[in-house]
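Here the structure comes first, spelled out in structure tokens, and everything after it is commentary.
Quick note: the coordinates plus some simple rules give every number you see, no bench work behind them. In this text the structure is predicted, and so the values were computed from the model without any measurement. Note that we place each Cβ from the backbone using ideal geometry, even for glycine, and neighbour counts take in every protein chain shown.
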Amino acid sequence: MSLKAQIESDIKNAMLAKNKLELLALRAIKSAILIAETEKGAQGSISHESEVKLLMKATKQRKDSAEVYHTQNRQDLADKELAELDVINRYLPKQMSEDKIREELKLIIEKTGANSPADMGKVMGIATKQFAGKADGKTISILAKSLLSN
């Protein structure tokens, strides 16, 4: 079942259950998929890879918003964003642990011959493709910097 079909099914279930928060998150995902499908150059459907990118973007937006709301002492809005984040995370592939990311980054660094923070671009180029949908770009960047600084 495609992500779009799964989301549509889950929207119906959320409506029946009168779960407004889940419904809001699911509609946001569906909207992002529809926009991607109708963009100039799109063939009317999007690949699984593109779906994962959309979901990663949505999770990043929710995390950033929750952080801003938390710093502004708006816990009610932060909680709403975090609840939406939980719904979106259900559709993402299982995320890699920091240890696993660090282990894979060491192999990438070894393979590229990177040995200083100046080589960060080489490492990140390969890492972002390899970890697409499985790890957050910010986490990858932080771990890569720490490995290249040693």
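Tell me the label-point distance for the pair Glu103, Ser50, using the 7 Å Cα-to-Cβ offset, in nm and rounded to one decimal.
3.4
Which of the three applies to the stretch 22-150, rounded, prolate or oblate, going by the alpha-carbon gyration tensor with a ≥ b ≥ c and a/c under 1.5 meaning rounded?
oblate
Does the stretch 3-89 classify as rounded, prolate or oblate by the C-alpha gyration tensor (a ≥ b ≥ c root eigenvalues; a/c under 1.5 gives rounded; else a/b over b/c gives prolate, otherwise oblate)?
Oblate shape, in that a/c is at least 1.5 and b/c is the bigger or equal ratio.
List the pairs from Lys94/Lys129; Lys20/Lys138; Lys57/Lys134; Lys53/Lys106 whose alpha-carbon separation is above 22 Å, in the order I gave them.
The answer is Lys20/Lys138; Lys53/Lys106.
Expressed in nm to one decimal, what extension gain is obtained for the pair Met15 and Lys138 from 0.36 nm per residue of sequence separation less their Cα-Cα distance?
Taking 0.36 nm per residue and subtracting the Cα distance, the gain is 40.8 nm.
Report the relative contact order of the stretch 98-149, percent, no decimals, based on alpha-carbon pairs under 8 angstrom and at least 6 residues apart.
Reported as a whole number, the value is 47 percent.
Before rounding to the nearest 500, sum -39500 (n - 2.57) across all DSSP H runs of length at least 4 in the chain and divide by the residue total; then give [θ] at 222 nm in deg cm²/dmol.
Result for the chain, helices only: -25000 deg cm²/dmol.
Using Cα positions and a limit of under 20 Å, work out the aspartates and glutamates in reach of Lys30, with same-chain residues fewer than 8 apart set aside.
Glu8, Asp10, Glu22, Glu39, Glu49, Glu51, Glu81, Glu84, Asp86
How long is the gain from Asp79 to Lys4 if the chain were fully straight, where each residue apart is worth 0.36 nm and the alpha carbon distance is subtracted?
24.4 nm
Give me the extension gain from Gln130 to Lys60: residue separation times 0.36 nm, minus the current Cα-Cα distance, reported in nm with one decimal.
Taking Gln130 through Lys60 to full extension adds about 23.4 nm, to one decimal.
What shape does the stretch 77-150 take by its C-alpha gyration tensor, where a ≥ b ≥ c are the square roots of the eigenvalues and a/c under 1.5 counts as rounded, a/b above b/c as prolate, and the rest as oblate?
Taking the square roots of the gyration eigenvalues as a ≥ b ≥ c, the stretch 77-150 is prolate.
Which ordering of Thr139, Thr59 is given by a fewest-first count of other beta-carbon atoms within 10 Å?
Thr139, Thr59
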